[in-house]
Structures are given as structure tokens and as C-alpha cells.
Amino acid sequence: MKKFFLVILIIFALEYFSSAVDNASFRTALRYAQVARSLSLEGKWTEALEQTERGLAYEKNFSDLLYLKAYSLAALGEKKYLAIDCVKQAVENNLWREINPDSARILYANYMSDTNRSGEALKILDSKPAIFSSDAEFIRAKSNYRLGNFSAARKNISTARKVFTGDERFALLFFQIENPYDTDVLLAKQLVKLVDTWKRFAPEILIYASHFVDEEEQKQMLLEFEKINKISLDYIIFALETQLKTADEALNLFATIGNKNFKQSQLEKFYSLLIENTHKEIYFKLLNNYSGIVTKDYSKDYIEDFYAYYENGQLIKVEFFEIQDDFLTFEAEYKNNEIIKLDYSKYNMNFEYSKYPDVSRIKFETGEDVILVPNEIQFKIIEHINFQDKSNITFIFPEYVFENAKQLTFKNFINNVAGFKTTTDERVNGTIHFTVLNGQIITANYYSSTGNKFAYAAFENGLPLFRNVDNDMDGRFEVTEFYSFDEQNYINIQTEKEQHTMGKILFGTLHPPKGLYLSKVVCDLDGNSINDYFEIYKENNTKVCGWDIDDDGVYDIGFSNDAQGNEEIFYRDFTTGKNVYCVLKNHKPVLIKKQNMEIPVTKDDSYEFYWIGKVGKNNEAKIIMQKLNSSYGLDIFEIGDKKIFAFKVNGFCFGEIIDEIF
């Protein structure tokens, strides 16, 4: 990958004051900026970067620090997008103290030009006050070329030829991009005259300028390049094309280059100049031992954005950077010249292939990890061109073919899914594994971060029927959740928050079907296969719940409320075994309905305890409350000469004095 060229000098104005508040925090940040500046001038970029980060902790908007950080990141070869963010903030904040903001504008414009945003680069440089310098003019020239504004680029280069006579970049840019048969002939001649001035700084200018001179001078330039510089592939191609070298000589030179990086267009051009089959066979043998990177420019902005990595002639990896800012668009991993994995970073999707382009697995941006039915889904982002001679020696060039991964959503191909995994917030780093048949989920298994299953669910027609849950992770599923579906009235039974929580628990990152709701929960806490507790959910967030105290399969105590605000506590009568109901008003017990009788309820004078019928003593209430110290319970207690039937439910303790134990 081309490294960002560091041509911009750090220019410090004598004093450039802004509207910065001169407070203690800012003064500290300024000291860090001064130290970072000194370190950068010494080329100590790592230390300079550390100082900028410390300073930004005090003043995050200080442009001097942001610029110095961007420049340090560039000098250290860090990802371009990191430096771009910093220098962009520096320019937009416009909070400067000791650095000329034009330096930041130049750096920012250069980044914009080199990341396929040349129009923005020109705006940055031309905004008032417009910047005129060799760096600024060079950025304008290459930006205009990238935008197809050849006349404007030539004007930039013509100006530079007169003003910045010692800067070889302009002539090199002109000769690399311009077509000798369709160009500004006068400007070309003027630049050719100065090649001798620039060749010692940029010897490669001899190769590119040789296309703009007559045959005799062309050969002289190529021979001179061969004498003063190491052989390059461009030189070999031009020398073969001009018949300065024979095919045998060119191939021998190519063999001496070694495992350098090449452009695909160079390799294709070289091949097109080979006429004899024997020469082509030699060429392919050399390629089949090649280890290095072959690049291509898909955006047509004269910057390589597509990188194919080879090892002994075999493809091992392909990378694509859409705007050349070092943010990876996608990366393909190869085995035996076939793609086995594709990391589509742009959409945060990962593909695995059974045999490219047949997808076997996809990890989605939203968290789903999908296993596909074999040979049902194809996703092709790269074509493979067999570069082959008559001896069947093959060298593969990958070619980028655009496919919109946004269209690949779980919903769009559920019918081709065999199973998938997604994340859940129910446990830290928990996952859900679904199995799918004919587009419908049929089972789901829920796992903790350690791989232990804590729940499983059965589905019908894509909807969950029930789910068994091991809350305490002891290997026993003590809770069963039952689910119902009512597309019209479901919202009356669960709140939106409860709906959201339920969806996250059941489906992880997927959206639950509209109309699904939790209708009932039962618990077997002691593991004897008899449910100890249940909850049934009704409209307006109301419910019925009950406890089986003695494991006989019949619920002994419970509580209910309804949509009209009525509340009842029920318990099983100790004599008849039938339910008895306690009516509540304003959330307080007031009356017991027992068979055809209404028995008054009286609150104890000292404790939160309610006597049914006859009122007992304070100490009796205290003793019972101490014994019923859990959240619920039911029993008969002997206190002194009394036998008292007592229970606790929904936060209320009750007692009924009886004459004898039944």
C-alpha cells in the first residue's frame, strides 16, 4: 500500500492567537503541545504522539494538539482514517495558538485527495484565504487529474514549472498520467527539457518521460535509467516495448527483480509483449514462484485500492479499500486459490464458503451467526481470471465484482438457513443456537459464556411454545415459561418494555414476531417434578400466582388481581381443602369469604399481621411472623394453649385461631 507522503513541513507562526480561553487546563494542554512539537522536530514520533494524547485529556478541542497528533500518526504509518479524524477536528475547531492553520489545511486536503475525495481537497485549499505553496499546488494538480480536469491540472503544473522549479513531483505526475498522443505538447516539451534537473531526485522520471520524446532520445533515457537505478518492472516493459531489450533479456531481468509488489496492469502488459510460446511459458513459471502483492486501481484515481497477496504463485489473501483511507472494505482468505472466508468489514459481515461462491456460514452485523443449507446461497464479490498458457500453467488474477451485502439479511433468506447462532443479554456473553426447518425455527438452545446450556425452547410455526430454564446453573431446569400469540391484544398483556425484554431473551438480536407474549411461568424449585409455583399473566399487567406448599400437586396459597383493580388472596382451607378468598381494598386485606360466610380481618395492633375472625395477642403475631420469615408459606402453629393456622403471601401475614388440629 502506498504510504502517505510526508511533504508538509510543520510551520510554526511566531504568534497565532485564537479565542482560546487562557485557563489552567488550556495552559497545561499548551505545554504538552510545545513538548510534542519539539519531539516531532527531532523525529521522535512515538513520544510526540504520547504527549499529544496527554494534552488532549486537558483540552480536547485544542487544534495544535489535534494537528500534531495527526502528523505523528502519519509519520508512524498508522491507519489514515485515524489521522484524518484528528486533522479534520483541528481544522473545524479552529482553536490555534502556536501552529499556522494552513499546515493543517494542507495535510487535511492531501488526505482528502488521496482518499477519493479530491473535490473536497480543492475546496479546503481554495477557501479563503486560499493557500499557495508547492505542496498546495501539487495537491491541486493531482486532485484535478483524479477528477478528470486535465486542463486545470496542466495549468497547476505549468505554474509550478515556473515558480517551484526544483520540485520534480509535478513533472513526474504529468509524465505518469498524461497520454503522449493526447496532451499539451508545448508543456510536455518544456518539462522534458528539465528532466536532467530532476532525474537525480527521481530517476524514474526518465522512464515516464521517455514516452514523450523521439525514438533515439527514448532509448538514451532508458539506458541512463538502467545505469543509475535498480531495474524496475516499468523499465523492463518500456525497454521491451521499444525493442531496447529482447524478450529473453526482459525475462532475465524480470527474474532478477525478486518478490516485489507489482500492478496487475504491469503484469498483463508484460504478457501482451511476449510473442513466442516459449517466452510465455517461462513467464508463467516465474509467476508460479512469485510471492508478493499485485495491486489494482478500481476507483480510477491513480491510487491502488485492491491488493492480492501471493505466496509461491498461490493466492493467500485479497484486500479492498474503497476510499484508500486504510479502513478495510473487505478481506478474502484463500486456500488452494479458492476463497474460504470473506470478512466484509464495510457491513460487518463474515462469510464462510463450502466451495466459493457457495456460502456455508454468515456472521451478521446484528450478531447472528448463520449456518446455511449447503449449496443454496451464493455470494460472489470476486471473479477469478485464469491467466493461462498452452502448457496449462495457470496464474490467477482476482477481479472485484460489486455485490451489495446490504441485501443479505437474515429475513431475506431464512428459507435457506439450517441453523444459526446469535447473542443474548440474558447471560454475560451468552449465545442462542437455533435450528431451522423450511424457514421456521423449531428449537433454540441457550448457552452461557462457558458453553453450559441454561435454557432450551420448543417452537411451532416459528413461534415458541415453551422454554425450560436453569436459573441457578445447577444442571436442573427448574423454570418453564409458556408463550401465547395474539396479534390483536398482546399489547394489553405485556408492556412495551416487557415485550422488548422478552424478545431479547427469546430471540437475541432478532426481532420477535408481533403478537407473541409470555402467558405463564411454572417453577419446580425442589426438583421433585411437582410444580411449586405458577404465574399466569392477564390483561393490563395483571396476573394470578400460586404456591404448592406440601407437594401434593394442589396450590395452597396465591394472589390475583384484574384489570378493574380488584385484588384477592386465596388459600386452601385447612378443614375443607377448598379455596378461601381474602378481599383487598386499597391494597389492604378487609374481608375473608369462606363458603357462604364473610369473616372480618383485623390488623394486629403492633405488627403487619392480619387476624382472621378472632384476634390473638401481639406476641403470637410476632412468633408467627418470625417463623414465616420467607416470602411465602403456610402451616399450623402451637403457641401456648392455642393452635393457629397461619400463612404468608404477597407480603401479607395472616393467622386464624382454631380449637384443634385437623
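Here is how the numbers come out for the structure above:
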read-out	value
Filtered residues of region 238-276 (kept if without any contact (Cβ under 8 Å) to a residue 40 or more places away in the chain, within 19 Å of ALA202 (Cβ to Cβ) and under 43 Å from the mean Cα position of the chain (by Cα))	LYS260, ASN261, GLN266
Residues being more than 20 Å from PHE26 (Cβ to Cβ), in a helix (DSSP H, G or I) and not hydroxyl-bearing (Ser, Thr, Tyr) - total across region 38-69	5
Residue in region 484-497 that is under 27 Å from ASP562 (Cα atoms), surrounded by 14 or more Cβ atoms within 10 Å (Cβ to Cβ), at pLDDT 90 or above and not acidic (Asp, Glu) present	yes
Tally of residues being of a type outside the set (Ser, Thr, Tyr) and over 15 Å from GLY558 (Cα atoms) across region 575-586	2
Strands (runs of 3 or more DSSP E) within region 332-425 that include 1 or more residues surrounded by fewer than 17 Cβ atoms within 10 Å (Cβ to Cβ)	338-344, 349-355, 358-363, 382-388, 394-400, 417-424
Cβ pairs under 8 Å, 6+ apart, first in region 76-99 and without any contact (Cβ under 8 Å) to a residue 24 or more places away in the chain, second of a type in the set (Phe, Trp, Tyr) and part of a helix (DSSP H, G or I)	CYS86/TYR67; LYS88/TYR108
Residue in region 174-194 that is assigned to a helix (DSSP H, G or I) and under 22 Å from PHE254 (Cα atoms) present	yes
Single residue of region 131-175 satisfying the filter (of a type in the set (D, E, K, R) and within 23 Å of GLN324 (Cα to Cα)) that is surrounded by the fewest Cβ atoms within 10 Å (Cβ to Cβ)	GLU137
Strands (runs of 3 or more DSSP E) within region 277-327 that include 1 or more residues without any contact (Cβ under 8 Å) to a residue 24 or more places away in the chain	306-311, 314-320
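The values are calculated or read from the model by the stated rules, or taken from the named source; none is laboratory data. On a predicted model such as this, the values are computed, not experimentally measured, just so you know. All Cβ positions, even for glycine, are placed from backbone atoms using ideal geometry, and neighbour counts span all protein chains on display.
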